[in-house]
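Just below is one structure, and these are the notes that go with it.
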Amino acid sequence: MLIKLYGTPTTRPETRYSPGECIGIEKQVKTGNPDSRHISTSYVERSNLNMRMSMRRFTRLTSGFSKKLENHEHMLAICFMYYSFVRVHQTLPVTPAMEAGLSNHVWTIGELVALLDRRSILHGLLQTA
């Protein structure tokens, strides 16, 4: 875990809402035996940015929220499946799932939708009726 240490912000009016200055970092190992040179928040911050940019429900002041936790979980699953199996990334000539050896081809939206269980769809429709 990487903990950033911030100094107190100045009290001048023009810097009132500015974040404090980073004056140092602290690295703590929570599990395993990681190489301390590679402990970084960059990967998780990039993942958070990707989620905010691809799903409106993670941006501030939005009306695109789920009223039920189950709907929110389903939306996350669809987004992660699309991101990993359907979307070819700029940094890779393939999908992340292909790079990890989980798939041998780029999935279509139809293949993703075909994973849905017809019974769960019908159950969901009956609950909203």
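Results, tabulated for the structure shown:
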quantity: Additional length obtainable on full extension of the chain from Lys27 to Tyr43, 0.36 nm per residue less Cα span; calculated: 4.2 nm
quantity: Spacing of the two label points (7 Å from each Cα toward its C-beta) at His89 and Leu69, in nm; calculated: 3.0
quantity: Candidate aspartates and glutamates - alpha carbon under 15 Å from Lys4, same-chain residues fewer than 8 apart omitted; calculated: Glu21, Glu26, Glu45
quantity: Estimated distance in nm for a label pair at Met81 and Leu112, the labels positioned 7 Å out from Cα along Cα-to-Cβ; calculated: 0.9
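Here, each number is a calculation from the coordinates, and none is a lab measurement. Here the structure is a predicted model, which means the values were calculated and not measured. Don't worry about glycine lacking a Cβ; one is built from the backbone with ideal geometry, like all the others, and counts go over all protein chains shown.
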